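Student: Below you will find the structure I want to go over with you.
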């Protein structure tokens, strides 16, 4: 996993590394965060938007430009648009290292994950630290109170969507966001995928929220081969729009499910693709339970250090855990319920015994914390996020 970006975390990384990559989908707030970080640096950092022809022209001779501005933090936004810069950055960083200069020179902002990592890993291995900016979380909005938490769940974590004047404006923003990705951003990244096909796939994944990925079935519905359908899903994953949660793979002597579960990472985009405008619309739709599950998972994963691993657990015999978090030898089992009076299935307890869970929680929409039996506690999302931060 990649460390979640906060202003403090990025500043700390910049204090130890010549280059820091700040990754996240478009409109999630990367530029705003970079501007806040820049205010702490002297001399004033340079900001270059690589989608701007004027800024891109300044890098006609990038080596010369970087040398001329040595000693200033240079922020490169949408760097995946100019992958040829990575080889130049390597030379600049290595020359600075030979002179004993090891602190920040570059803050690199990117709207793709694996694609950007592949580009930079060829040239900047050992020279760059990565952080990821997610959408707004339940902790950040003070989401312990149910109405506030429900609004975040409905609208999702993109700041402009969450802060919209009403639910209609929020939905309109998310629909525009989806259209922009399909019509502009994906084609600019290289793959020639018909926008109508990718939108149908994206919508099918919204219906499938929290289900196991079956690319042969998806491909069949879209008139695509299974490998092509998988490639399209992986593109959405690369763009930080989809999360594949892998099944627990430790050897427990059980017949384990092998296919990953798939989630749209932002609950608001899930609801926009399904045409759900209000909380009443959402609560009356079959996606409500899976959507809440994905929302909780994204919030919990935002609290984890990069050394942590996350899985789900399911066996052919019916043992099942929604989320398994492993940090060192500690294994936390988490069940996710939308009911205000949660109960725990036998399958959860069987799964906990299989994996040797050291802590067991059931996340539910309420605010109180109380025992449910067999060393298992019901807990609110925000309180469990706080516990994960502390441990």
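Student: Please give the peptides 209-221, 68-80 ranked by average Cβ packing (other Cβ atoms within 10 Å per residue), highest first, as a rough proxy for protection. Walk me through the numbers before you get to the answer.
Tutor: On the way: 209-221: 16.8, 68-80: 18.7.
Highest-to-lowest ranking by the protection proxy: 68-80, 209-221.
Student: If you stretched the chain out fully between residue 387 and residue 46, how much longer would it get, using 0.36 nm times the residue separation minus the C-alpha to C-alpha distance? Walk me through the intermediate numbers first.
Tutor: Details: separation 341, 0.36 × 341 = 122.76 nm, distance 3.82 nm.
So the chain would gain 118.9 nm between residue 387 and residue 46.
Student: Continuing with this model, one more query. Please compute the modelled spin-label separation between residue 148 and residue 168, points set 7 Å along Cα→Cβ, answer in nm with one decimal.
Tutor: 2.7
Student: Another one. If a paramagnetic tag sat 7 Å from the Cα of residue 308 along the Cα-Cβ line, which residues of segment 9-37 would have the backbone N under 18 Å from that point?
Tutor: 9-10
Student: Now for a separate question. Set the Förster radius R0 to 25 Å, insert the Cβ-Cβ distance between residue 9 and residue 329 as r into 1/(1 + (r/R0)^6), and round the FRET efficiency to 0.05.
Tutor: Using R0 = 25 Å, I get an efficiency of 0.50.
Student: Counting only helical runs of four or more DSSP H residues, what would the 222 nm mean residue ellipticity of the chain come to if each run contributes -39,500 (n - 2.57) and the total is spread over all its residues?
Tutor: After summing the helix terms and dividing by the residues of the chain, the value is -12000 deg cm²/dmol.
Student: Peptides 268-277, 195-204, 50-59: what's the order by average Cβ count within 10 Å, highest mean first?
Tutor: 268-277, 195-204, 50-59
Student: Continuing with the same structure: For the chain, calculate the relative contact order in percent as a whole number, restricting contacts to Cα pairs under 8 Å that are 6 or more residues apart.
Tutor: Reported as a whole number, the value is 15 percent.
Student: When N is the residue count of segment 175-251, what does its C-alpha Rg come to as a fraction of 2.2 N^0.38 Å?
Tutor: My calculation over the Cα atoms of segment 175-251 gives 1.13.
Student: List residues of segment 253-272, by number, whose backbone nitrogen lies under 19 Å from a label position 7 Å along Cα→C-beta of residue 285.
Tutor: Under 19 Å, as judged by backbone N against the label point of residue 285, lie 262-272 of segment 253-272.
Student: Which length gain, in nm to one decimal place, applies between residue 316 and residue 176 when the Cα-Cα distance is subtracted from 0.36 nm times their residue separation?
Tutor: Full extension from residue 316 to residue 176 adds 46.2 nm.
Student: Can you give the angle from 0 to 90° between the axis of helix 346-355 and the longest principal axis of the chain, with both taken from C-alpha atoms, to the nearest 10?
Tutor: Taking the Cα atoms of the chain, the angle to 346-355 is about 50 degrees.
Student: Provide the FRET efficiency to the nearest 0.05 for the residue 125-residue 35 pair, computing r from the beta carbons and using R0 = 45 Å.
Tutor: Given R0 = 45 Å and the Cβ-Cβ separation, E is 0.95.
Student: What would the Debye formula give as log10 I(q)/I(0) at q = 0.17, 0.21, 0.24 Å⁻¹ for the alpha-carbon point model of segment 21-96, no solvent?
Tutor: Taking Cα atoms of segment 21-96 as identical point scatterers yields -0.70, -1.08, -1.35.
Student: Can I ask one more? So what's the chain giving for Cα Rg divided by 2.2 N^0.38 Å, two decimals?
Tutor: Output field value: 1.03.
Student: Which length gain, in nm to one decimal place, applies between residue 192 and residue 258 when the Cα-Cα distance is subtracted from 0.36 nm times their residue separation?
Tutor: Numbers: separation 66, 0.36 × 66 = 23.76 nm, distance 3.03 nm.
Working it through step by step, the gained length comes to 20.7 nm.
Student: So for segment 178-248, averaging the separation of alpha carbon pairs under 8 Å that are six or more residues apart and normalising by length, what relative contact order in percent results? Please list the in-between numbers first.
Tutor: Details: 33 pairs, mean separation 12.9, N = 71.
With pairs under 8 Å counted, the relative contact order is 18 percent.
Read-outs: derived from the displayed coordinates by stated rules, not from any lab. Note that the structure is a prediction, hence the values are computed from the model and not measured. Counting neighbours? That spans all protein chains shown, and the Cβs are built from the backbone with ideal geometry, glycine included.
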